[in-house]
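Asker: Below are the structure tokens for one structure; questions will follow.
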Amino acid sequence: WLEEFHVDGLRVDAVASMLYLDYSRKPGEWSPNVHGGNENLEAVQFLRELNTMTHRDFPGTITIAEESTAWPGVSRPVEAGGLGFSMKWNMGWMHDTLKYLALDPVHRKHHHDLLTFGPLYAFSENFVLPLSHDEVVHLKGSLLAKMPGDDWQRFANLRLAYLFQWTYPGRKLLFMGGELAQPWEWNHREALAWHLLDDPRHGGVQRLVRDLNRLHAGIPALHRLDFDGRGFQWLRWDDADNSTLSFLRRADDDLAVVALNFTPVPRPGYRLGVPRPGEWRETLNSDSRFYGGSDLGNAGALRAEPVPCMHQPWSVVVTLPPLAGLVLTQARDFTPSA
């Protein structure tokens with residue numbers, strides 16, 4: 001695959017079932033290794049050789065593990081005792097995020113930890129944030145169908161989910177059809193429902209994904225330190241009563257402030273801590289009319305005030321739109337896709 005077909009990399013499925021001799025097996029259905037443990041030593045050696053050979057013989061390609069346990073060092077170098085994969089799927093982020101988003105917003109304040117727990121381990125591996133084929137097949141429904149509320153709320157929730165994914169540390173994976181807000185689960189016998197783009201709600205989600213990709217590529221703070229804890233800092237993680245989150249992404253001198261509102265209640269006059277003085281701009285708003293939202297936001301520049309907030313020396317006062325997220329940056333203009 002790498003030499004003849006020049007694929008970009010390899011994704012290895014169900015790595016946990018390779019690593020553990022007792023995976024999905026009852027007592028008596030497996031035999032321990034030579035040390036008496038449940039680790040499959042031969043599988044560990046094979047995976048290390050696979051990754052060593054891949055990175056040595058095909059520079060620039062990547063290997064990604066779908067590994068659902070806490071096996072240490074899946075994406076750490078072989079010479080450092082790891083398995084040598086380039087990246088690992090963050091199954092915990094995926095399960096927690098989708099479980100949270102499926103809740104009616106009135107109940108979300110009781111499950112705030114589903115969103116705040118992730119950064120505690122987010123930098124233990126080189127993680128991919130997977131909204132994959134596994135989540136939209138076998139009667140699981142589409143991503144849009146998982147969202148609660150009426151049609152407006154379901155689309156707003158989905159746009160918010162994507163903004164959260166794109167601004168959260170880790171590489172992004174979105175299975176085909178997700179960018180169209182396809183309302184039914186994926187069917188390998190049918191083409192994607194491209195006709196949905198004639199509907200402004202579906203077309204708006206596609207434009208948002210396009211702009212999130214442009215933003216992610218164009219702002220170093222949103223990608224350069226994805227695997228490094230120095231690239232992420234909570235501004236406020238404990239506002240469970242209002243179901244809001246805010247955090248800072250950074251890379252050297254480049255900064256991006258992210259604020260998220262997981263309820264359908266607009267929050268005007270929301271004071272948001274920022275690390276620098278000067279003007280801050282609403283670079284992206286998932287509630288924009290360009291994406292099918294209600295277009296509640298913060299036009300023009302926001303001038304930072306010397307009012308300490310969220311452990312930052314400066315702050316701006318913003319309007320948090322309903323079921324939406326904002327990305328604020330300095331000295332950067334961004335035109336949404338038409």
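The values are calculated or read from the model by the stated rules, or taken from the named source; none is laboratory data. If you're wondering where the values come from, they're calculated on a predicted model, not measured in any experiment. Cβ atoms come from the backbone with ideal geometry, glycine included; neighbour counts cover every protein chain shown. Ligands, DNA and RNA are excluded from the accessible area calculation, which covers all protein heavy atoms including side chains. Shrake-Rupley method; radii C 1.70, N 1.55, O 1.52, S 1.80 Å.
Asker: Identify the single condition in (1) under 23 Å from PHE227 (Cα atoms); (2) at pLDDT 95 or above that MET18 does not satisfy, given that it satisfies every other one.
Answerer: For MET18, the exception is condition (1).
Asker: Quick one: ASP22 ticks every box in (1) surrounded by 12 or more Cβ atoms within 10 Å (Cβ to Cβ); (2) outside any loop (DSSP other than H, G, I, E, B) bar one, so which box is it?
Answerer: So ASP22 meets the others, but not (2).
Asker: Mind listing whichever residues of the stretch 108-134 are open to solvent by 20 Å² or more (accessible area, probe 1.4 Å) and over 18 Å from ALA65 (Cβ atoms)? Write out each step before concluding.
Answerer: Here is the first cut: in the stretch 108-134, the residues open to solvent by 20 Å² or more (accessible area, probe 1.4 Å) are 109-111, 113-114, 116-117, 119-121, 123-124, 126, 133-134.
Within the stretch 108-134, LYS109, HIS110, HIS111, ASP113, LEU114, THR116, PHE117, PRO119, LEU120 qualify.
Asker: On to the next question. Here are some conditions: (1) open to solvent by 20 Å² or more (accessible area, probe 1.4 Å); (2) part of a loop (DSSP other than H, G, I, E, B). SER337 meets all but one. Which one does it not meet?
Answerer: Unmet condition: (1).
Asker: Mind listing whichever residues of the stretch 102-124 are within 13 Å of the chain's Cα centre (by Cα), aliphatic (A, V, I, L, M) and not in a loop (DSSP other than H, G, I, E, B)?
Answerer: Correct list: LEU115 only.
Asker: Listed residues ARG271, ARG236, ARG210; which is of a type in the set (Lys, Arg), closer than 27 Å to LEU192 by Cβ and touching a residue at least 24 places away in the same chain (Cβ under 8 Å)?
Answerer: The conditions single out ARG210.
Asker: Right, here's the next one. Limited to the stretch 1-19, what total is found for residues that are surrounded by 10 or more Cβ atoms within 10 Å (Cβ to Cβ), more than 19 Å from GLY73 (Cα to Cα) and free of Cβ contacts under 8 Å to residues at least 24 places away in the same chain?
Answerer: Of the residues in that region, 1 qualify.
Asker: Within the stretch 302-331, take every residue that is over 24 Å from PHE262 (Cα atoms) and assigned to a strand (DSSP E or B) and give me the one that is most open to solvent (accessible area, probe 1.4 Å). Give the derivation first.
Answerer: Our first condition is that a residue be over 24 Å from PHE262 (Cα atoms); within the stretch 302-331, this holds for 303-308, 313-314, 330-331.
Of the ones still in play, those that are also assigned to a strand (DSSP E or B) are 303, 305, 314.
Numbers: ARG303: 150, GLU305: 71, TRP314: 70 Å².
Taking the candidates together, the pick is ARG303.
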